[in-house]
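Asks: Structure below; questions to follow.
The values are calculated or read from the model by the stated rules, or taken from the named source; none is laboratory data. A quick note: this is a predicted structure, and the numbers were derived from the prediction, not measured. Methodologically, a virtual Cβ is constructed for each residue, glycine included, from the backbone with ideal geometry; neighbour enumeration extends over all protein chains shown. When the accessible area is computed, the model is the full protein with side chains, heavy atoms only, and any ligands, DNA or RNA have been set aside. Shrake-Rupley method; radii C 1.70, N 1.55, O 1.52, S 1.80 Å.
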Amino acid sequence: MQPLYEGKAKRLYTTQDQDVLRIVYKDEATAFNGEKKAEFAGKGELNNRLTSHFFEVLAAAGIPTHFIERTSEREQLVRRVTIIPLEVVVRNVVAGSLSKRLGIEEGTVLETPIVEFYYKDDSLGDPLVTPAHINLLKIATTEELSLLEQEAHRVNDVLRPYFDNKGITLVDFKLEYGKTPAGEVLLADEISPDTCRLWDKETGEHLDKDVFRRNIGSLIDTYQTLFNRLGGNGQ
Ligand code: TMP
């Protein structure tokens, strides 16, 4: 069966229900807009379990998401949405591109979390965009944008203490939102060590895809460690 869409880490398929899609998590990891690429046996299963678990944690806190259920090791069912082409990044601690762009040392704790928007366009390299750019590109209205910002802070308000309780700092993460045919905005895509920075509170050890981006460790060992730290079975 042909996928409806194939991304870098997942394939999306239609189902008999037109409002429901099936996601299959792949073992591939990419970085730097796909320039760096490798396969890691077991990655798809770990990310499927972790993403499913994080979406369940958020749903329990009353946050609307596309997630329906995990149906197998690599698969989950989600509500069909049209993805809003923005990467919504929330930051609690300076790292990565924020450190490079503003010359602030990695590890600097932000007084208040910040939300940034990046335009999802591989050919442009996903540039940082302002609300004026987003209006200009007709990606979202000012009202929709403030909803996204508010919702992203809400996700942070749930996940930051969740990780803190496990001895992990939620440094930053990327979210994507989608719209249902009825116009409801839902948190979509994935939340996984591919899309978050997670640092051990004691040792500073990276428990996320930076081990692959920066060649500082084994991706599978790192994701498995994270999985175990969260109680196994992603619970
Ligand atoms: P950045 O510091 O490189 O801008 O990344 C911020 C966060 O967003 C980090 O947790 C990694 C995540 N991210 C993605 O999920 N996908 C991407 O394409 C990029 C660039 C970052």
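Asks: Based on the alpha-carbon gyration tensor of segment 193-235, what equivalent-ellipsoid semi-axes (square roots of 5 times the eigenvalues) come out, in whole Å, largest first?
Replies: 16, 12, 9
Asks: What does the helix-only formula give at 222 nm for the chain: each DSSP H stretch with n ≥ 4 adding -39500 (n - 2.57), the total divided by the residues, and the result rounded to the nearest 500 deg cm²/dmol?
Replies: Estimated from H runs of four or more residues: -9000 deg cm²/dmol.
Asks: Two-decimal Rg/Rh of segment 106-190 from alpha-carbon positions, Kirkwood Rh?
Replies: 0.99
Asks: To continue, here is another question. Which whole-number percentage describes the relative contact order of the chain, with Cα contacts under 8 Å and a sequence gap of 6 or more?
Replies: For the chain, the relative contact order is 18 percent.
Asks: For Leu86, what residues show an amide H to amide H distance below 5 Å, using hydrogens built from the backbone and excluding near sequence neighbours?
Replies: Lys120, Tyr177
Asks: Summarise the accessible area of segment 35-171 (1.4 Å probe, protein heavy atoms) by the percent that is carbon and sulfur.
Replies: After summing per-atom areas, the C and S share lands at 52 percent.
Asks: Further, regarding this structure: HN-Hα J couplings of segment 181-188 from phi, Karplus 6.51/-1.76/1.60, θ = phi - 60°, integer Hz, Gly and Pro as x?
Replies: x, 7, x, 6, 8, 10, 5, 9
Asks: Run the Debye formula on the Cα coordinates of segment 1-66, all scatterers equal and no solvent, and tell me log10 I(q)/I(0) at q = 0.15, 0.18, 0.19, 0.29 1/Å.
Replies: -0.61, -0.83, -0.90, -1.16
Asks: Jot down the per residue volume, in cubic angstrom and as a whole number, of the convex hull over the alpha-carbon atoms of the chain.
Replies: In the chain, the Cα convex hull volume per residue is 135 Å³.
Asks: May I ask which of Lys36/Lys179; Lys8/Lys120; Lys36/Lys120; Lys120/Lys201; Lys8/Lys174 have a Cα-Cα span longer than 22 Å here?
Replies: Cα-Cα > 22 Å for Lys36/Lys179; Lys120/Lys201; rest within.
Asks: Ranking request for peptides 96-106, 202-212: highest mean number of other beta-carbon atoms within 10 Å first, then the rest in descending order.
Replies: In decreasing order of mean packing, 96-106, 202-212 become 202-212, 96-106.
Asks: Sort 77-84, 34-41 by packing, meaning the average of other beta carbons within 10 Å per residue, with the highest value first.
Replies: Taking the mean over residues of other Cβ atoms within 10 Å, the ranking is 77-84, 34-41.
Asks: Per residue, what accessible area does segment 162-204 have, given a 1.4 Å probe and all protein chains present, in Å²?
Replies: In whole numbers, segment 162-204 has 34 Å² accessible per residue.
Asks: Ok, one more. Quote to one decimal, in nm, the extra length available between Lys37 and Glu69 on full extension: 0.36 nm per residue of separation minus the C-alpha distance between them.
Replies: The Lys37-Glu69 span can extend by a further 8.7 nm.
Asks: Could you give the nm distance between label points at Lys201 and Arg229, where each point is 7 Å from its Cα heading toward the beta carbon?
Replies: About 1.1 nm separates the two model spin labels.
Asks: Among Glu69, Glu111, Glu28, which one moves the most in a GNM of the chain with springs linking Cα atoms closer than 10 Å?
Replies: Largest GNM mean-square fluctuation: Glu111.
Asks: Could you rank the peptides 171-180, 1-10 by their average count of other C-beta atoms within 10 Å per residue, with the highest value first?
Replies: 171-180, 1-10
Asks: Viscosity 0.692 mPa s, temperature 37 °C: what is the translational diffusion coefficient of segment 52-176 from Stokes-Einstein with a Kirkwood Rh over Cα pairs, rounded to a whole number of µm²/s?
Replies: 205
Asks: Accessible area per residue, 1.4 Å probe, Å², for segment 51-98: what's the number?
Replies: On a per-residue basis, segment 51-98 sits at 36 Å².
Asks: With the crude spin-label approximation of a point 7 Å out along Cα→Cβ, what separation in nm comes out for Ser99 versus Asp121?
Replies: 2.9
Asks: Between the alpha-carbon centers of segment 86-108 and segment 158-193, tell me the distance in whole angstrom.
Replies: Each part's Cα centre sits 17 Å from the other's.
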